[in-house]
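The values are calculated or read from the model by the stated rules, or taken from the named source; none is laboratory data. Keep in mind it's a predicted model, so treat the numbers as computed, not measured. As a convention, Cβ positions derive from the backbone with ideal geometry for all residues, glycine included, and neighbour counts pool all protein chains shown.
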Amino acid sequence: MSNSQTLMIKIHTRNLILALLLILPLALSPQQGISASFPEPQTYTFTIQQGTPAYLQNFAHVEQGCNWMGVAGQVFDKNGQPVERMVVRIEGFLGSQSLDALGMTSLATAYGPGGFEIEINDEPLNSSGTLSIALFNLEGDRVSEYIPFNTYADCSKNLILINFQESGASPTTPTATPSPTGSSAQGSLILQGRPSAPDAAWITNFDISFITPGDTQPTASYNVSTDQFGAYNLSNVPVGTFNIAIKTENTLRAILPASSIQAGQNQLPDVELKSGDANNDNFVTATDFSLLAGSFGECLGGSTYNARTDFNNDQCVTAIDFSLLSANYGQQGD
């Protein structure tokens, strides 16, 4: 090596050392206007609903059968109402293929009024955490975390149901003990999927609460049963104006708003209760689908029979129950 080449190497080495000596103090010490601490974590307004993801057999594209795999669901606000025109994005890898796909709520009503659907493949494939889903508003702002999910090479799991729920949903409230008054009330429930009355299928237990408008705790609560016509009677009900909440263990809650209860006998309006809430959380979601799938085809006495998924109360879990749940999927009770 010549003397000139040796001199150039020495100069380059010296310049590199000088550059590092200048840069390292800047990198290792906090600068004016720049925080040396880690940034605060982002807070998002939506998260996935409890019980999702859930994995089911594709029911919205029966003609395609196993030649389909997709993600579907709904987005709900704080009050449990479907949110329209939200953008759902799925990114990542499925097998060796990269994926970046979009959907929009309210365009796939097979999954409910605010339904979305994104087809991700023409057959079910296995993946473990390589795909993620997130929610955006129309301005392009991300309003949820990217949430990873799995897929399965299983025709009975080629529909991945994922719902989003806005943060801050109101919690349920405790019940109170009724105060005797001498007044009474009677009414009837309209129960979906039941045969013509009178029939034993109309007999069901339910909870009914009298809530003063503006209050959170009920003034009085009762657990009673209907007869073979769906009718019921209450004694010792409170007098005044109440929001009257009615719910069975597998239907959505319905509320009769601002109902006046007078001294003596009172006739309450008929109330229709929507079926499908198998886990009794006042939503009809993928969790309820999963419970129904676990007892589908079973009758009373069977090892996997679940009375809460027997929505028409005929002592068997059949396609009728599936249809009742599907009709109310994605909805929340009052």
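Just one of the listed residues (Phe283, Phe322, Phe311, Phe296) is in contact with a Ser or Thr (Cβ under 6 Å, 6 or more places away or on another chain) and either assigned by TED's automatic domain parsing to the domain that holds Gly230 or touching a residue at least 24 places away in the same chain (Cβ under 8 Å) (or both), namely Phe311. Give the residues of the range 70-118 that are part of a loop (DSSP other than H, G, I, E, B), in contact with a strand residue (DSSP E or B) (Cβ under 6 Å, 6 or more places away or on another chain) and not acidic (Asp, Glu), sorted by residue number. Within the range 70-118, Lys78, Gly80, Val83, Met86, Thr105, Ala108, Gly112, Pro113, Gly114 qualify. Among the residues of the range 271-294, the ones that are in a helix (DSSP H, G or I) and touching a helix residue (DSSP H, G or I) at 6+ places or on another chain (Cβ under 7 Å) come to 4 in all.
Scanning the range 227-260 for residues that are buried (at least 20 other Cβ atoms within 10 Å of the Cβ) and free of Cβ contacts under 8 Å to residues at least 40 places away in the same chain, which turns out nearest to Pro198 (Cα to Cα)? Applying the filter and picking the extreme gives Ile244.
Within the range 64-104, the only residue that satisfies the criterion of being on the phi > 0 side of the Ramachandran plot and surrounded by 20 or more Cβ atoms within 10 Å (Cβ to Cβ) is Gly73. As for the range 256-270, it holds no residue that is in a loop (DSSP other than H, G, I, E, B) and in contact with a helix residue (DSSP H, G or I) (Cβ under 7 Å, 6 or more places away or on another chain). For the range 55-72, taking the residues that are touching a residue at least 60 places away in the same chain (Cβ under 8 Å) and either among the basic types (Lys, Arg) or in contact with a Phe, Trp or Tyr (Cβ under 6 Å, 6 or more places away or on another chain) (or both), the one that is farthest from Ala101 (Cα to Cα) is identified as Leu56. Looking at this structure, is Glu139 in a loop (DSSP other than H, G, I, E, B), charged (D, E, K, R) and free of Cβ contacts under 8 Å to residues at least 40 places away in the same chain? Considered against the rule, which asks whether it is in a loop (DSSP other than H, G, I, E, B), charged (D, E, K, R) and free of Cβ contacts under 8 Å to residues at least 40 places away in the same chain, Glu139 comes out as yes.
Have a look at Leu56, Leu135 and point out the one that is under 23 Å from the mean Cα position of the chain (by Cα), assigned by TED's automatic domain parsing to the domain that holds Ile160, within 23 Å of Glu166 (Cα to Cα) and hydrophobic (A, V, I, L, M, F, W, C). Among Leu56, Leu135, only Leu135 is under 23 Å from the mean Cα position of the chain (by Cα), assigned by TED's automatic domain parsing to the domain that holds Ile160, within 23 Å of Glu166 (Cα to Cα) and hydrophobic (A, V, I, L, M, F, W, C).
Scan Pro269, Pro238 and give me the residue that is at pLDDT below 90, within 16 Å of Ser184 (Cα to Cα) and not polar (S, T, N, Q). Answer to the check: Pro238. Would you check if Pro174 is at pLDDT below 90 and under 26 Å from Leu291 (Cβ atoms)? So Pro174 passes the test. Among Gly193, Gly214, which is over 22 Å from Leu324 (Cβ atoms) and assigned to a loop (DSSP other than H, G, I, E, B)? Selected residue: Gly214, the only one of Gly193, Gly214 that is over 22 Å from Leu324 (Cβ atoms) and assigned to a loop (DSSP other than H, G, I, E, B).
Just one of (1) modelled with pLDDT under 90; (2) farther than 30 Å from Asn313 by Cα; (3) β-branched (Val, Ile, Thr) fails for Thr151. It is (1).
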